[in-house]
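Encoded as structure tokens, the structure appears first; notes follow it.
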Amino acid sequence: MKKIVELTIPKMGESINEVKILNWLKKEGDFIKEEESILEVSTDKVDTEIPSLFEGKIIKIISKKGDIVQIGNPIAKIETNDSDDFNNEDPIQLADELFNDAIKDFSSDDKKIIDQKNDHETNHFFSPLVLNIAKEENISIQELEKINGSGKENRITKLDLMKYLDLKNSKTKNKKLKSNDNERIIEPDRVRKLIAEKMVDSKKISPHVTSFVDCDITKQIKDRSSIKNSFLKKHRIPLSINSIFIYALCRAIKKFPMINISYINEKIIMKKNINIGLAVALDDGNLIVPILKNVQNLTFIEINKKVNDLIVRARENKLIPDELTEGTYTMSNIGSFHNLMGTPIILQPQVAIMAFGEIKKTPSVVERKNKDEIQIRHKLILSHSYDHRVVDGALGGKFAERVSKTIKKMNLKKLIKL
């Protein structure tokens, strides 16, 4: 017995809510096998292929090339030979039941708003999700009825409503935005818009505090300079300064595990694994943060290998979605742009982030047993931003100090066994 099933956009990882369809690898009428790649999509983090969960014939492609599709939304219909009849329920009746379940926990004020919006007689069905969004955006039933729906029986989907709101807001913004002869208006790309949105959300969610610590890295710079050529010859990859930073961060997190947490719904979630994100600047001016997972189980050489690999593939757009999710702490090497220090913004739902400034030769007072000396030292500034809801100044400051001391005491030659 043949059955029609819907192929949907699968979950792509933490914080990824939508994708852009780049290209269909199959067309209507094509036969596909289970787990065969069917289309290419782009997220705010990476481009990737989506496999089919079913075997059968594509009878309808719902979402076209260039469409923005929410995670979980259908993109195609497939005719299969599966005989399981998993859904004989009437869709209208089921939707009504979902609506009743959705509003049972609403406050009395919320119910009044929904009731008032539905006082207007209508022959249209609106899902609880669409009604919720409409209520939050102050969209009336009358206005909802004017939106063209792409769902079954022309029903309005969440994506339909979001596109309508985007167009409505765009028209409003364009009316207000004017430029003179000395200005040029540039439309930012989708990735830049998503980065902007996430950064604003993070500042709204977390009260940011930043501590600064001076870090002496003289010994590591000298050791790295003396062994980098032999290291490259032996391992065929450079000895990255970022590996030193990540190794020190991991050691400090082990000492202060309350930095390796998330704060969600007024609950602290402690993370067993240490997954450190490394901010990488791309040639197009955007930013991507690949994740080194389970750093606590890696040797220094393994960390260095993964750091080099992730940076290269990030700049070649060859990362997979899994390499961009589940980060528990993030670092940014702003020193590569000759920045002394910064106030980095936390990547939600993490609670802290550290920026490593430019390494500079600095005249410093060095304490000796009998007298103080002025020496030329290699130093940098660590900028540690943290969420003051759950990380107080004592913890945030002590953690930064621990990272600095760990870097200073590292023995590179011992770690790489030269």
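The values are calculated or read from the model by the stated rules, or taken from the named source; none is laboratory data. Everything quoted here is computed from the prediction, not taken from an experiment. All Cβ positions, glycine included, derive from the backbone under ideal geometry; neighbour counts span all protein chains shown.
Which numbered condition trips up K318, out of (1) under 16 Å from V191 (Cα atoms); (2) without any contact (Cβ under 8 Å) to a residue 40 or more places away in the chain?
(1)
Taking the range 131-162 only, how many residues are more than 27 Å from A76 (Cβ to Cβ) and of a type in the set (G, A, S)?
Residues flagged as more than 27 Å from A76 (Cβ to Cβ) and of a type in the set (G, A, S) within the range 131-162 amount to 2.
Got a sec? Which of A355, A400 is among the aliphatic types (A, V, I, L, M), farther than 23 Å from K198 by Cβ and within 25 Å of the chain's Cα centre (by Cα)?
A400
Could you list, in sequence order, all residues of the range 281-329 that are on the phi > 0 side of the Ramachandran plot and either assigned to a strand (DSSP E or B) or charged (D, E, K, R) (or both)?
E326
Do we have any residue at all in the range 385-397 that's part of a strand (DSSP E or B), among the basic types (K, R) and out of contact with any Leu (no Cβ under 9 Å at 6 or more places or on another chain)?
no
Can you tell me which residue is surrounded by the most Cβ atoms within 10 Å (Cβ to Cβ) among those in the range 352-388 that are free of Cβ contacts under 8 Å to residues at least 24 places away in the same chain and among the basic types (K, R)?
For the range 352-388, the residue satisfying everything is K360.
So, in the range 225-243, how many residues would count as being in a helix (DSSP H, G or I) and touching a helix residue (DSSP H, G or I) at 6+ places or on another chain (Cβ under 6 Å)?
So the count comes out to 2.
Looking at the range 43-73 only, could you name the residues that are part of a strand (DSSP E or B), in contact (Cβ under 8 Å) with a residue 40 or more places away in the chain and out of contact with any Gly (no Cβ under 9 Å at 6 or more places or on another chain)?
D47, T48, I50, G56, I68, V69, Q70
Take the residues in the range 103-139 that are surrounded by 15 or more Cβ atoms within 10 Å (Cβ to Cβ) and of a type in the set (G, A, S), then tell me which one is modelled with the lowest pLDDT.
Step by step, filter the range 103-139, then rank; the result is S127.
Which of (1) buried (at least 19 other Cβ atoms within 10 Å of the Cβ); (2) touching a Lys or Arg at 6+ places or on another chain (Cβ under 8 Å); (3) assigned to a helix (DSSP H, G or I) is the odd one out, the single condition C215 does not satisfy?
With respect to (1) buried (at least 19 other Cβ atoms within 10 Å of the Cβ); (2) touching a Lys or Arg at 6+ places or on another chain (Cβ under 8 Å); (3) assigned to a helix (DSSP H, G or I), C215 is out only on (3).
Name the single residue that is modelled with the highest pLDDT among those in the range 321-359 being out of contact with any helix residue (DSSP H, G or I) (no Cβ under 9 Å at 6 or more places or on another chain) and charged (D, E, K, R).
E326
For N304, state whether it is farther than 15 Å from Q348 by Cα and surrounded by fewer than 23 Cβ atoms within 10 Å (Cβ to Cβ).
Criteria not met by N304.
Please go through the range 132-159 and give me each residue that is closer than 19 Å to N17 by Cα and either among the polar types (S, T, N, Q) or more than 30 Å from the chain's Cα centre (by Cα) (or both), ordered by number.
Answer for the range 132-159, where residues must be closer than 19 Å to N17 by Cα and either among the polar types (S, T, N, Q) or more than 30 Å from the chain's Cα centre (by Cα) (or both): N132, T157.
Given the residues E14, E6, E35, E28, which is the only one that is among the charged types (D, E, K, R), under 26 Å from K163 (Cα atoms) and modelled with pLDDT under 85?
E14
Pick from the range 182-224 the residues that are out of contact with any strand residue (DSSP E or B) (no Cβ under 7 Å at 6 or more places or on another chain) and of a type in the set (D, E): which of them is modelled with the highest pLDDT?
Among them, the one singled out is D223.
Can you give me the number of residues within the range 256-270 that are part of a loop (DSSP other than H, G, I, E, B) and in contact with a helix residue (DSSP H, G or I) (Cβ under 8 Å, 6 or more places away or on another chain)?
So the count comes out to 2.
If you scan the range 150-181, which residues turn out to be at pLDDT 85 or above and of a type outside the set (A, V, I, L, M)?
Y164
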